[in-house]
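J.: One structure coming up, written as structure tokens, with questions to follow.
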């Protein structure tokens, strides 16, 4: 006999909304909200975890002082949209006290959203999330994949404001070198060593 769903997992009256994620009880698994549906984040494989941590560190080391880098922070894109990119590069808040209590960012705060593809999130990372990030006006999006041999490949996209969609600006295999959202260059193999 299957266990009943926990009380917190039942949709609130009127369906799930972005702010509902801040009211979940302690011990609740991490969730993101896509089209009003809660998505339970699955356990990460070593490739995903290592690339996320090391890429976030590389982004932070090269970021100008007005930008910050966080991992696994959600972005409220709308009433029923609160995806959680693996890495977010954001404009720092004026009040550092306020910044330390945040549970999400708004699209206008975000300059880069990074998704590291896993088997479980493949469709969301390739199809759903890029469309939602672009429509929200997030200027840069990166999609990071395992090349099949354990090396990261970074697909770099920039927002075309005329079409409100992303256009590819590069596929980085050995070295990541970009001028936007800020100048950075580093060896991609260092993300998995």
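The values are calculated or read from the model by the stated rules, or taken from the named source; none is laboratory data. Note that this is a predicted model, so its numbers are computed, not measured. Ideal geometry is used to build each Cβ from the backbone, glycine not excepted, and the neighbour counts take in all protein chains shown.
J.: Taking only region 31-61 into account, find how many residues are assigned to a helix (DSSP H, G or I) and without any contact (Cβ under 8 Å) to a residue 60 or more places away in the chain.
T.: 7
J.: Taking residue 105 as the residue in question, decide whether it is touching a helix residue (DSSP H, G or I) at 6+ places or on another chain (Cβ under 9 Å) and either on the phi > 0 side of the Ramachandran plot or at pLDDT 95 or above (or both). If you could, list the steps in order and put the result at the bottom.
T.: On the way: touching a helix residue (DSSP H, G or I) at 6+ places or on another chain (Cβ under 9 Å): no; either on the phi > 0 side of the Ramachandran plot or at pLDDT 95 or above (or both): yes.
No, not satisfied.
J.: Does region 23-44 contain at least one residue that is within 29 Å of residue 148 (Cβ to Cβ), surrounded by 12 or more Cβ atoms within 10 Å (Cβ to Cβ) and touching a helix residue (DSSP H, G or I) at 6+ places or on another chain (Cβ under 7 Å)?
T.: Checked against the condition, which is being within 29 Å of residue 148 (Cβ to Cβ), surrounded by 12 or more Cβ atoms within 10 Å (Cβ to Cβ) and touching a helix residue (DSSP H, G or I) at 6+ places or on another chain (Cβ under 7 Å), region 23-44 yields at least one hit.
J.: Return the residues of region 62-84 that are surrounded by fewer than 18 Cβ atoms within 10 Å (Cβ to Cβ), assigned to a loop (DSSP other than H, G, I, E, B) and either at positive phi or in contact (Cβ under 8 Å) with a residue 60 or more places away in the chain (or both); say none if nothing qualifies.
T.: Result: 64, 72, 79, 80.
J.: Also: Under the condition of being in contact (Cβ under 8 Å) with a residue 24 or more places away in the chain and out of contact with any strand residue (DSSP E or B) (no Cβ under 8 Å at 6 or more places or on another chain), which residue from region 140-153 is nearest to residue 165 (Cα to Cα)?
T.: Going through the qualifying residues, I end up with 151.
J.: Does at least one position in region 119-139 carry a residue that is out of contact with any helix residue (DSSP H, G or I) (no Cβ under 9 Å at 6 or more places or on another chain), without any contact (Cβ under 8 Å) to a residue 24 or more places away in the chain, part of a strand (DSSP E or B) and surrounded by 14 or more Cβ atoms within 10 Å (Cβ to Cβ)?
T.: no
J.: Being crowded, with 19+ Cβ neighbours inside 10 Å, farther than 21 Å from residue 20 by Cα and modelled with pLDDT of 95 or more narrows it down to one of 110, 167, 153, so name that one.
T.: Result of the check over 110, 167, 153: 110.
J.: Within region 175-187, can you find the residues that are within 17 Å of residue 157 (Cβ to Cβ) and either within 19 Å of the chain's Cα centre (by Cα) or assigned to a strand (DSSP E or B) (or both)?
T.: 176, 177, 178, 180, 181, 182, 184
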